[in-house]
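The values are calculated or read from the model by the stated rules, or taken from the named source; none is laboratory data. Remember, predicted model here, so these are calculated numbers, not experimental data. Reconstructed Cβ throughout: ideal geometry from the backbone, glycine too, with neighbour counts over all protein chains shown. Heads up: the accessible areas ignore ligands, DNA and RNA and are worked out on the full protein's heavy atoms, side chains in. Shrake-Rupley method; radii C 1.70, N 1.55, O 1.52, S 1.80 Å.
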Amino acid sequence: MSMRKISFGKAINEALHQEMERDDSVFIIGEDVAKMGGDFGVTRGIWQKWPDRAKDTALSESAIIGLASGAAVCGLRPVAELMFADFIGVAFDQLVNNAAKLRYMFNGEVSCPMVVRAPTGSGIRTAYHHSQSVEPWFMNVPGLVIVAPSTPYEAKGLLIASIRNEDPVIFLEHKSFYSIKGDVPEESYEVELFKAEVKREGRDVTIVATMSMVALAEKAAEKLAEEGISVEIIDPRTLFPLDKDTINRSVAKTGRLVIAQEGPKVMGFGAEIAAMVVEDVFEYLKAPVKRVTTMDVPIPFSPVLEDYVVPTDVDITEACKAVVEF
Amino acid sequence: MALLKERLLDLYYKMVLIREFEEVMDIYAKNGTIPGFVHLGIGQEASQAGIVDALKETDYKYPDHRGHGVSILCGTDRKLVMAEIFGKGTGINGGRGGSMHINDIKVRNMGFNGIQGSTTVTALGTAFASVYKGNKDVSVIFMGDGTLGEGACHESINMAATWKLPVLYCVINNQYAISTHYRESHPQKQLATWADGYGVPNEVVDGNDVEAVVEATERAVERARNGDGPTLIEYMTYRWQGHFAGDPAAYRPDEELQEWKNKCPVKRTKARLLDVHGFPEKILSDIEKKVVDEVQSMLKFCLESPEPDTKEALKHVYAGFGEEI
Ligand SMILES: Cc1ncc(C[n+]2csc(CCOP(=O)(O)OP(=O)(O)O)c2C)c(N)n1
Ligand SMILES: [Mg+2]
């Protein structure tokens, strides 16, 4: 495969172009996704090539998601964009009460192969309505697939896999990632859904980290290595349905678990991982599980305040030390 | 019927103030001092100033995301509005909100909800409370042409019309929602007619003619206060900047922008004051100078203001809890 360094946003763009090229049933829909190429520029160049398969809509998230689910039932493969993940509130019903349940409602005779791309997370100073980490809003809804890449390579491969998947996918794009570059093959490829990745192998403590927290966990791991603490990092990549085995096996090996996530602690992604580990591999645990999360407050605007409520690599380092020293 | 000349002069001051305020915000957004997204109202001063001028301080005002201009005219100490945009600890919301969320319940600036369309239904509640409590306060929603696409707008106008709630829908039609022209996202030629389906009186107003703005808004507010229910007014105008400070706005033709710059609401008001009302040039240039000083002194306050104390991030999540939950 021919590798080059491209940005996270460009990797997604390339995945879209290649899937549009491969499969006539793929189309994109959303606010300003066609002519302008998306608020974050992710859908650039698609409308110019396929004007009938790139639809700019009014500000109508409910209609966007509803239309996508209806079209998906007819065999089309919509890729809808929410300008910000937070706006899903307006279309929650369509996703949660309709798209997620269609297969179940029709005895498995209906599929809803749609993707909802949603820029998520904090860090670009946009305050409480444009910075939330929405993954737990959906993790409680069987029928939805929640995908959360942390590198440009994964972004491309996971999006291609998501478009080909038969069930509705929420594809979370951490908005601080768009300009970050990494190695991405030029060819089309899939990164397997429902499969966690061991980002780093280690013996003493497992960190399960998602999206923006993966890089911070890696930084913490470097620091801890200097102090003789060996860290294993797992990125679930598909948050739900979850690759339980990879996480359980790692915790059984290290005996210690730290979960690093953005978003409030209460009922977050980390709560589910902690509960799962306690249920499945309790006998291997040498220390209580620790969670490193955003504080339980809305995301404030001021950089000083935002940085204060969102976790840092130092928080992860300290949590790891605490469980090792327990 | 034209406005009294003293009132028009005061409106001129307010429009010049918005223009100057926004131009300074543009500079500090582009040079990176102001974080996040900043949506400027340059070009829309007549609609913003004119609507607020037609209201009482006790009316509930729901500015939109392009709401600096409205927020500095609602009665809040203006430097605290600017400090909020800078995210400073002295900001009206302690730096928690920023440009998009300038909220001040004391003057019934109900603030903007970052989710477009959301305020149209919240406003039903303040309107309902006005009726419930027997006062005559009107709930006034500022909204863009694009925002009218949200389903919440339909729910809102249906209920307001059925229950004759004192609501005023101010649709500021600046032609675009980010890159999308309103003719590409709505079937109506004029968005005002959207209200016809609900039997709600509506009209289209030249949003760059501050006198027309005030008069139409006053008529609608009067109807609402008298218990005759909601009105929708579509104010035709144009935003000169991109969607946010720094957006190159490549999606629209230069000639269109130029055409609207020729219809500058500030210049137009100035011409009326000079030519029709015979004010001497000096009075107007004094106003312009005064505004520059006023904005510079706000700016100085903001630049010298401290960053928020980090613990402030944890306050005001619940009543009765301390900083940590
Ligand atoms: C529910 C929701 N969808 C989308 C957005 C993103 N967004 C913010 S402003 C805007 C365009 C609004 O256009 P318009 O209502 O015409 O107001 P203007 O910006 O022209 O003043 C969009 C799409 C949002 N904030 N909320
Ligand atoms: Mg608009």
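Extending 7 Å from the Cα toward the beta-carbon at both B:VAL276 and A:ALA252 defines two label points whose distance is 8.4 nm.
Note on region A:3-185: Lys pairs 8 or more places apart or on different chains, Cα atoms under 29 Å apart, count 27.
Please state the relative contact order of chain B as a whole percent: Cα pairs under 8 Å, 6+ residues apart?
Values: 605 pairs, mean separation 72.4, N = 325.
About 22 percent, as a whole number.
Above 26 Å lies some portion of the pair distances; for chain B, what is it as a whole percent of all C-alpha pairs? Pairs farther apart than 26 Å: 47 percent.
Each other residue within a Cβ distance under 13 Å of B:THR76 adds +1 if Lys or Arg and -1 if Asp or Glu, for a net charge of +1.
For Cα pairs less than 8 Å apart in space and 6+ apart in sequence, what is the mean separation divided by the residue count of region A:262-326, i.e. the relative contact order in percent? It would help to have the intermediate numbers written out before the result.
Details: 48 pairs, mean separation 26.3, N = 65.
Relative CO of region A:262-326 lands at 40 percent.
Measuring max minus min along each principal axis, the C-alpha atoms of region A:264-326 give extents of 44, 24, 11 Å (largest first). For chain B, which span is the longest to avoid every loop-located (per DSSP) member of chymotrypsin sites (Phe, Trp or Tyr not before Pro) having at most 15 other Cβ atoms inside 10 Å? The segment B:1-162 is the longest one with no such site.
Between A:PHE92 and B:LYS136, the simple label model (points 7 Å from Cα in the Cβ direction) yields a spacing of 3.9 nm.
Ratio of Rg to Rh for region B:90-144, alpha carbon only, Kirkwood?
Working: Rg = 12.5 Å, Rh = 12.4 Å.
Taking Rg over the Kirkwood Rh, I get 1.01.
The alpha carbons of the protein assembly as shown occupy a box of 86, 55, 52 Å along the principal axes, longest dimension given first. Listed by chain and number, the lysines whose C-alpha is less than 28 Å from the C-alpha of B:LYS164, apart from same-chain residues fewer than 8 away, are B:LYS56, B:LYS61, B:LYS106, B:LYS133, B:LYS136, B:LYS189. The alpha-carbon of A:LYS286 sits under 18 angstrom from the alpha-carbons of these lysines, leaving out residues fewer than 8 places away in its chain: A:LYS253, A:LYS321.
Here the gap between B:HIS316 and B:THR162, fully extended at 0.36 nm per residue and compared with their Cα-Cα distance, gives a gain of 51.8 nm.
Counting only DSSP H runs of at least 4 residues, each contributing -39500 (n - 2.57), and dividing by the residue count of chain B, the helix-based mean residue ellipticity at 222 nm comes to -13000 deg cm²/dmol.
Computed from backbone phi, the HN-Hα couplings of region A:240-245 come to 7, x, 9, 7, 5, 4 Hz, rounded to whole numbers (Karplus: 6.51 cos²θ - 1.76 cosθ + 1.60, θ = phi - 60°; Gly and Pro given as x). Run through every distinct alpha carbon pair of region A:3-185 and return the Kirkwood hydrodynamic radius in angstroms, one decimal place. Every distinct Cα pair counted, the radius reaches 16.1 Å. From its DSSP helices (H runs of at least four residues, each -39,500 (n - 2.57)), chain A gives a residue-normalised ellipticity at 222 nm of -10500 deg cm²/dmol. Annotation for region B:167-221 versus region B:259-285: alpha-carbon center distance of 25 Å. Using DSSP, restrict attention to beta bridges with both residues in region B:5-302 and report what percent are antiparallel, rounded to the nearest 5. The antiparallel fraction comes to roughly 10 percent.
Looking at chain A, what % of the alpha carbon pairs are farther apart than 38 Å?
Numbers: 7001 of 52975 pairs.
Tail fraction, whole percent: 13.
Need one number: convex hull volume per residue for region B:186-270, Cα atoms only, in Å³. Let's see the in-between values first.
On the way: hull volume 10.6 nm³, N = 85.
Hull volume normalised by residue count: 125 Å³.
Here's the list of lysines a cross-link from B:LYS289 could span, going by alpha-carbon distance under 26 Å and ignoring same-chain residues fewer than 8 apart: B:LYS5, B:LYS14, B:LYS30, B:LYS79, B:LYS261, B:LYS263, B:LYS267, B:LYS270, B:LYS300. Rolling a 1.4 Å probe over the protein heavy atoms of region B:202-298, with every protein chain left in place, gives an accessible area that is 52 percent carbon and sulfur. The mean number of Cβ atoms from other chains found within 10 Å of a Cβ in peptide B:89-101 is 5, as a whole number. Projected onto planes of every orientation and averaged, the convex hull of the alpha-carbon atoms in region A:135-193 covers 4.3 nm². The distance separating the Cα centre of region B:112-157 from that of region B:5-26 comes to 27 Å. Short to long, the 5 Å bins of the Cα pair-distance histogram for region A:221-309 hold 3, 13, 20, 21, 18, 14, 8, 3, 1 percent of all pairs.
Averaging Cα coordinates gives a centre for region A:74-144 and one for region A:211-284; these two points are 25 Å apart. Taking a sphere under 10 Å around the Cβ of A:ILE233 and counting the other residues whose Cβ falls inside, with K and R at +1 and D and E at -1, yields a net charge of -3.
For chain A, the longest principal axis of the Cα atoms and the long axis of helix A:269-281 meet at an angle of about 60 degrees. Of the chymotrypsin sites (Phe, Trp or Tyr not before Pro) found in region A:74-173, those in coil by DSSP whose Cβ has at most 14 other Cβ atoms within 10 Å are A:PHE106.
Please identify the DSSP H helices in chain B that span no less than 15 Å along the helix axis (Cα) and have a mean Kyte-Doolittle hydropathy of 0.0 or more. Mind dumping the intermediate values first?
Values: long enough: B:5-30 (37 Å, -0.18); B:118-133 (24 Å, 0.65); B:151-162 (17 Å, 0.18); B:210-225 (22 Å, -0.26); B:281-304 (35 Å, -0.06).
Flagged H segments are B:118-133, B:151-162.
With an 8 Å cut-off on Cα pairs and a minimum separation of 6 or more residues, tell me the relative contact order of chain A in percent. Normalised by residue count, the contact order of chain A is 17 percent.
As a rough guide to protection, the peptides A:96-103, A:195-202 ranked by mean Cβ packing within 10 Å, highest first, stand as A:96-103, A:195-202. Amide H to amide H distances under 5 Å link A:ARG77 with A:VAL26, A:PHE27, where only residues 5 or more positions off or on other chains count and H is placed in the peptide plane.
In square angstrom, what is the accessible area per residue of region A:166-230 with a 1.4 angstrom probe? Let's see the in-between values first.
Numbers: 2820 Å² over 65 residues.
Here the per-residue accessible area is 43 Å².
Which of the GluC sites (Glu not before Pro) found in region B:44-137 are loop residues per DSSP with 15 or fewer other Cβ atoms within 10 Å of their Cβ?
Working: sites: B:GLU45, B:GLU57, B:GLU84; in loops: B:GLU57.
Within region B:44-137, the qualifying GluC sites (Glu not before Pro) (loop, at most 15 other Cβ atoms within 10 Å) are B:GLU57.
By DSSP, the beta bridges lying fully in region A:178-326 are antiparallel in about 20 percent of cases. Applying the criteria of a DSSP loop state and at most 14 other Cβ atoms within 10 Å to the GluC sites (Glu not before Pro) of region A:41-136 yields A:GLU109. Mean-square fluctuation check for chain B, GNM, Cα pairs under 10 Å: which of B:GLY41, B:GLY199, B:GLY229 is largest? Of the options given, B:GLY199 has the highest mean-square fluctuation. Relative to the longest principal axis of the Cα atoms of chain A, the long axis of helix A:212-226 lies at roughly 30 degrees.
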